[in-house]
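First up is the structure itself, then whatever we jot down about it.
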Amino acid sequence: MEERLQKLLSAAGVCSRRAAEAYIIAGRITVNGVPAELGCRADPEKDEILVDGKPLQPKAEPVYLLLHKPRGYVTTLSDEKGRKNVADLVVDCGTRVYPVGRLDLDSEGLLLMTNDGDLMQHLLHPSGEINKTYHVAVYGSVDGAAARLAAITDLEGEKIRPAQVKVLRRTAETADLAITIHEGKNRQIRRMCAACGLTVKRLRRVQEHSLTLGDLPAGKWRYLTAAEVAALKKA
């Protein structure tokens, strides 16, 4: 059955659908000897699909991992600057998996990784608004900080849904906050804190939808249970 090349590449674990578009534009994909174009469809049972001159492998078995990303790692599979990346931490899982969403270099915590392109699209689609909870250590203007953070609905011209903010611990100049957001804009929590006169000392994602980080050590990963995968697919 013919399907869009982006879907075929993602299902085979080559790359995400978004990255597949870049592969096609760069001329890295051919179908029956002809360079592919965006929107191209193919049948893997009838057509010869090559990626960088090598045959597209059959659809890989789906793998779902929960990684505790440490600080100092970028959320990519390779980095032009030579920085450590999360692929190094899951190389022993035996297959190529991709991060679902991002955590910036200085952030840590729960990161879902999978080769299931359909689930990635489902979770990353803007309409999903998957809840994500972070434990955030801040210093600065902490008096009334929770209420100020929860009141933000416009972030430098970008509309966002109000966050849920709970104070876990505080002193006169520092606070530990639990912040739940819905959209996951680029560096959203750091930008929210900066707008409220707060400096982030530590940011750790502890929950995403039904997944929780628990006591998984930094730099380690585990397979998701069948119940966890089912809950994500219903998200």
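The values are calculated or read from the model by the stated rules, or taken from the named source; none is laboratory data. This one's a predicted model, so the numbers in the text were calculated from it and none came from an experiment. Every residue, glycine as well, gets a Cβ built from its backbone with ideal geometry; the counts of neighbours run over all protein chains shown.
Odds and ends about this structure:
- Annotation: of all residues in segment 1-27 being touching a Gly at 6+ places or on another chain (Cβ under 9 Å) and charged (D, E, K, R), the one that is modelled with the highest pLDDT is R4.
- Yes/no for R161 being basic (K, R) and more than 18 Å from the chain's Cα centre (by Cα): yes
- Flag for L8 being under 18 Å from Q121 (Cα atoms) and not in a loop (DSSP other than H, G, I, E, B): yes
- Any chance A26 is under 29 Å from W221 (Cβ atoms) and not acidic (D, E): no
- Here G53 meets the list (1) touching a residue at least 40 places away in the same chain (Cβ under 8 Å); (2) touching a Ser or Thr at 6+ places or on another chain (Cβ under 9 Å); (3) closer than 30 Å to M1 by Cα almost entirely, failing just condition (1).
- Condition check for K185: modelled with pLDDT under 95 and either out of contact with any Gly (no Cβ under 8 Å at 6 or more places or on another chain) or within 15 Å of K132 (Cβ to Cβ) (or both): yes
- Among the numbered conditions (1) within 16 Å of the chain's Cα centre (by Cα); (2) exposed (fewer than 15 other Cβ atoms within 10 Å of the Cβ), the only one that K81 does not meet is (1).
- Within segment 206-235, if we keep just the residues that are under 17 Å from the mean Cα position of the chain (by Cα) and among the β-branched types (V, I, T), the residue that is surrounded by the fewest Cβ atoms within 10 Å (Cβ to Cβ) turns out to be T212.
- Of all residues in segment 176-189, those that are at positive phi have Cβ atoms under 8 Å from Cβ atoms of residues that are part of a loop (DSSP other than H, G, I, E, B) and not aliphatic (A, V, I, L, M), 6 or more apart or on another chain, in G184/G101; R187/D104.
- Taken as a whole, segment 202-215 holds at least one residue that is touching a Gly at 6+ places or on another chain (Cβ under 6 Å), assigned to a loop (DSSP other than H, G, I, E, B) and touching a residue at least 12 places away in the same chain (Cβ under 8 Å).
- Put simply, of I49, I25 the only residue that is surrounded by fewer than 15 Cβ atoms within 10 Å (Cβ to Cβ) and not assigned by TED's automatic domain parsing to the domain that holds E228 is I25.
- The strands (runs of 3 or more DSSP E) found entirely in segment 66-183 that carry 3 or more residues being touching a strand residue (DSSP E or B) at 6+ places or on another chain (Cβ under 8 Å) and over 20 Å from D215 (Cα atoms) are 132-140, 164-170, 174-181.
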